[in-house]
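Quick notes on the structure that follows.
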Amino acid sequence: MKVKKSGGAGAGAGAGAGAAAAARTEEELGRKALIGPDDVLGLQRVTSDYLCTPEENVYKIDFTRFKIRDMESGTVLFEITKPAASEREHNDKKDIDPNAGRFVRYQFTPAFLRLRQVGATVEFTVGDKPINNFRMIERHYFRDQLLKSFDFEFGFCIPSSKNTCEHIYEFPQLSEDLIREMILHPYETQSDSFYFVDNKLVMHNKADYSYSGGP
């Protein structure tokens, strides 16, 4: 299993995370034929829609397992495993949301906001094409404030392979006022996860978060 640390920028540098890239709007990117890393690094707020379609995942990248753990204690905070592809294919396709699997809602306790380092293990399969320069950029926002931009390289993936990688998230230190607001307003903390192959956007997943300890 590969273990990789983020190369992202933090909340205090909220504007700084996008400083290396020109500011972009979701509407601008929606008109582009090809969206690259610098484009999403220029976004100043969470997107309201997906910036690519499921069909653009021509490499058939499929995330099958995801686990989050506190690096200090080793406590597993969240874990989910998708059904096997053969099981999913038995479902009635008429009832399948084309964006199913692209959105996750997380429910954590307030203590999560005080963690300094979290490991996220992902297991994924790829189709019959080799994947070069597989990269993820994940941007977290509270309302319209950028909290953190994470940047991970998966590297090369051989065709028809199953891969496991743990990404280490270094969390920024949040102010007590901001922590209180994030706890009081569940699901107003949101993220965009953008996946690139050879600097072209091929997948876009979204999530929102509650830190109130309940649904």
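The values are calculated or read from the model by the stated rules, or taken from the named source; none is laboratory data. Please read all numbers here as calculations on a predicted model, not as lab measurements. In this analysis, Cβ positions are derived from the backbone assuming ideal geometry, glycine residues included, and neighbour counts consider all displayed protein chains. SASA here: full protein model, heavy atoms, side chains in, ligands and nucleic acids out. Shrake-Rupley method; radii C 1.70, N 1.55, O 1.52, S 1.80 Å.
Kindly list, by first and then second residue, each pair from a residue in region 64-83 that is farther than 14 Å from ALA111 by Cα and among the β-branched types (Val, Ile, Thr) to a residue that is part of a loop (DSSP other than H, G, I, E, B) and open to solvent by 60 Å² or more (accessible area, probe 1.4 Å), limited to pairs with Cβ atoms under 8 Å and residues at least 6 apart or on different chains.
So the pair list comes out as THR64/LYS82.
Take region 57-82 and flag every residue that is part of a loop (DSSP other than H, G, I, E, B), open to solvent by 80 Å² or more (accessible area, probe 1.4 Å) and either within 22 Å of VAL126 (Cβ to Cβ) or touching a strand residue (DSSP E or B) at 6+ places or on another chain (Cβ under 6 Å) (or both). Talk me through it step by step, then tell me what you get.
Initial filter on region 57-82 (part of a loop (DSSP other than H, G, I, E, B)): 57-61, 71-75, 82.
With open to solvent by 80 Å² or more (accessible area, probe 1.4 Å) added as a condition, the list becomes 60, 72.
Residue satisfying the conditions is LYS60 alone.
Keeping to region 97-117, report how many residues are surrounded by 14 or more Cβ atoms within 10 Å (Cβ to Cβ), out of contact with any Pro (no Cβ under 8 Å at 6 or more places or on another chain) and closer than 17 Å to PHE63 by Cβ.
Residues that pass the stated criteria total 3.
Going through region 38-52 one residue at a time, which ones are exposed (fewer than 15 other Cβ atoms within 10 Å of the Cβ) and either in contact (Cβ under 8 Å) with a residue 40 or more places away in the chain or in contact with an Asp or Glu (Cβ under 8 Å, 6 or more places away or on another chain) (or both)? Show your work before the answer.
Step one: list which residues in region 38-52 are exposed (fewer than 15 other Cβ atoms within 10 Å of the Cβ), which gives 38, 48-49.
Answer for region 38-52, where residues must be exposed (fewer than 15 other Cβ atoms within 10 Å of the Cβ) and either in contact (Cβ under 8 Å) with a residue 40 or more places away in the chain or in contact with an Asp or Glu (Cβ under 8 Å, 6 or more places away or on another chain) (or both): SER48, ASP49.
Considering (1) under 17 Å from the mean Cα position of the chain (by Cα); (2) open to solvent by less than 10 Å² (accessible area, probe 1.4 Å), say which one ILE131 fails and leave the rest.
Just one mismatch for ILE131, condition (1).
Provide a single number: the residues in region 180-213 that are polar (S, T, N, Q) and open to solvent by 20 Å² or more (accessible area, probe 1.4 Å). Walk me through it before giving the result.
Of region 180-213, the ones polar (S, T, N, Q) are 189-191, 193, 199, 205, 210, 212.
Then keep just the ones that are open to solvent by 20 Å² or more (accessible area, probe 1.4 Å); that gives 190, 199, 205, 212.
Summing the residues that are polar (S, T, N, Q) and open to solvent by 20 Å² or more (accessible area, probe 1.4 Å) in region 180-213 gives 4.
I'd like the residue in region 141-162 that is open to solvent by less than 30 Å² (accessible area, probe 1.4 Å) and not hydrophobic (A, V, I, L, M, F, W, C) and, out of all such residues, is farthest from GLU123 (Cα to Cα).
Step one: list which residues in region 141-162 are open to solvent by less than 30 Å² (accessible area, probe 1.4 Å), which gives 141-142, 146-150, 152, 154-155, 157, 161.
The next check asks that each one be not hydrophobic (A, V, I, L, M, F, W, C); those that pass are 141, 148-149, 155, 161.
Details: TYR141: 25, LYS148: 23, SER149: 22, GLY155: 14, SER161: 11 Å.
It comes out as TYR141.
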